[in-house]
1. Pick out the one residue from LYS208, LYS224 that is at pLDDT 95 or above, open to solvent by 10 Å² or more (accessible area, probe 1.4 Å) and out of contact with any Leu (no Cβ under 7 Å at 6 or more places or on another chain).
2. For segment 379-401, enumerate the residues that are more than 27 Å from LYS92 (Cβ to Cβ) and among the hydroxyl-bearing types (Ser, Thr, Tyr).
3. Looking only at segment 272-284, which residues are within 26 Å of the chain's Cα centre (by Cα) and either farther than 11 Å from SER255 by Cβ or not polar (S, T, N, Q) (or both)?
4. So, of the residues in segment 282-293 that are touching a strand residue (DSSP E or B) at 6+ places or on another chain (Cβ under 8 Å) and either in a loop (DSSP other than H, G, I, E, B) or free of Cβ contacts under 8 Å to residues at least 40 places away in the same chain (or both), which turns out to be most open to solvent (accessible area, probe 1.4 Å)?
5. Output the qualifying pairs, or none if there are none: Cβ atoms under 6 angstrom, residues six or more apart or on different chains, first residue in segment 250-273 and closer than 12 Å to THR284 by Cβ, second residue among the β-branched types (Val, Ile, Thr).
6. I'd like to verify a number: residues in segment 205-239 that are basic (Lys, Arg), within 28 Å of GLY114 (Cα to Cα) and part of a loop (DSSP other than H, G, I, E, B), how many?
7. Could you check ILE385 against (1) buried (at least 20 other Cβ atoms within 10 Å of the Cβ); (2) out of contact with any strand residue (DSSP E or B) (no Cβ under 6 Å at 6 or more places or on another chain); (3) of a type in the set (Val, Ile, Thr) and say which number it fails?
8. I want to confirm something. Restricting to segment 11-39 and keeping residues that are of a type in the set (A, V, I, L, M, F, W, C) and either open to solvent by 80 Å² or more (accessible area, probe 1.4 Å) or outside any strand (DSSP E or B) (or both), which single residue is nearest to ALA63 (Cα to Cα)?
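The values are calculated or read from the model by the stated rules, or taken from the named source; none is laboratory data. What you see is a predicted model; the values in this text were computed from it and never measured. Every residue, glycine among them, receives a Cβ derived from its backbone with ideal geometry; neighbour counts consider all protein chains shown. Heavy atoms of the whole protein, side chains included, go into the accessibility calculation; ligands, DNA and RNA do not. Shrake-Rupley method; radii C 1.70, N 1.55, O 1.52, S 1.80 Å.
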Amino acid sequence: MTALPTICLLPRKEESVKRFHPWIFSGAIASITGKPVEGDLVQVLSSTLEMLGVGHYEKGSIAVRMLSFDADTVVDARFWEERLTAAFRLRKALGLIRYDDSVSRNTVYRLVHGEGDGLPGLIVDVYGHTAVLQAHSVGMHRVRIELAQAIVAASSGSIRTVYYKSDSTLPFKAGLESADGFLIGSGQAEAEHENGLLFLPDWIKGQKTGFFIDQRENRSLLEKYAAGRRVLNMFCYSGGFSLYAMRGGAAVVHSVDSSARAIHMLEKNMELNYAGDSRHESQTTDAFRFLDSMEAGAYDLIVLDPPAFAKHRKVLRNALIGYRKLNAVAIRKIAPGGVLFTFSCSQAVSREEFRLAVFTAAASAGRKVRILHQLTQPADHPINIYHPEGEYLKGLVLYVE
């Protein structure tokens, strides 16, 4: 095996690596031996030349994403298959991989959650027999074919096709010519099961990999609160919360999104599950405009699940202002005894910062508010205990008197 380029760290900068944090920032690097190009494998050394492991090299703030903290690791086809086999093993233990006739089955789940599965820079979501692979690093992009083959090999026959969807997630400065498309097999999306409901994913043009898998358990919780309530689902996308509210016995469900395509997806999902049900209405409009013009007391269950307001810490202040404004209007206008499900999917916003923003919103609205639940992402989006940044989804369920 050809010797890998090496990254030598500055004194004391190896401490986080020794604590198994998978990111090495550019400011921690003392020297680089060899001429690694973006996406290359590199060996990482401490300031005293102790071997710390191997990872993918990248230009930018995060210079290395660690794949292994064992200096003897060989990153090859066997390595990828072993990591993916472990990912499948966890999802089987969670009861998510089932192809039977149970009405409660799930045919949609996350197979790889980046650092949470020891594969930083990689997301893999499964829709039935299709895996959608999304690279967030140049290193994962360069091994996409090997990854696709390893997914199929590790799946025990459950995965037959692999679609690549990374055009919007790869570092734009890398200048890669990435084209989304099938890496293995071909086919069209079909309706998939989530807790007995049917959803049609859109992995070609949809957001993320085609569906918001991370809200599965939170949607189930909302169903328990829906009976007899007038429900407003803001930023509804393809209607996950709306469908659960319908099944939960909501009196009325109104879905709002600024994207006409999202509303079209929602209506197709509604047709699959509740064709002709007059309880549901959808509207394509700006969320803030809708909330500002909304009559006070019109809804007694509101969902606020906006897109990420902050992709990075540089815009954190503006993001927190957005969360405060959004929640203040909802808290002020929700009916007495109303329940508010409010979320942030911004990784740059911490749990404490989001909670403070919602607290400030409640105080400005002048209503008595209690926290009923504190929510996060489901178990198929595991958080590496050494990488707390992986906990990106934060949610609160509030009772407003």
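1. Working: LYS208 fails: at pLDDT 95 or above.
Selected residue: LYS224, the only one of LYS208, LYS224 that is at pLDDT 95 or above, open to solvent by 10 Å² or more (accessible area, probe 1.4 Å) and out of contact with any Leu (no Cβ under 7 Å at 6 or more places or on another chain).
2. Here is the first cut: in segment 379-401, the ones more than 27 Å from LYS92 (Cβ to Cβ) are 394, 396-401.
TYR399, the sole residue that qualifies.
3. Restricting attention to segment 272-284, the residues satisfying the condition of being within 26 Å of the chain's Cα centre (by Cα) are 272-273, 282-284.
Across segment 272-284, the qualifying residues are LEU272, ASN273.
4. Start the filter on segment 282-293 by keeping residues that are touching a strand residue (DSSP E or B) at 6+ places or on another chain (Cβ under 8 Å), which leaves 282-285, 287, 290-291.
Filter once more, so that each one left must be either in a loop (DSSP other than H, G, I, E, B) or free of Cβ contacts under 8 Å to residues at least 40 places away in the same chain (or both): 283-285.
Working: GLN283: 89, THR284: 72, THR285: 28 Å².
Per the stated criteria, the residue is GLN283.
5. From segment 250-273, the pairs are ASP257/ILE263; ALA260/THR284; ILE263/THR284.
6. Here is the first cut: in segment 205-239, the residues basic (Lys, Arg) are 205, 208, 216, 219, 224, 229-230.
Still in the running and within 28 Å of GLY114 (Cα to Cα): 205, 208, 216, 219.
After this cut, where a residue has to be part of a loop (DSSP other than H, G, I, E, B) as well, the list is 205, 208.
Number satisfying all stated conditions: 2.
7. Here ILE385 clears every test but (1).
8. Filtering segment 11-39 for residues of a type in the set (A, V, I, L, M, F, W, C) gives 17, 20, 23-25, 28-30, 32, 37.
With either open to solvent by 80 Å² or more (accessible area, probe 1.4 Å) or outside any strand (DSSP E or B) (or both) added as a condition, the list becomes 17, 20, 25, 28, 37.
Working: VAL17: 13, PHE20: 16, PHE25: 5, ALA28: 9, VAL37: 11 Å.
Ranking the candidates gives PHE25 first.
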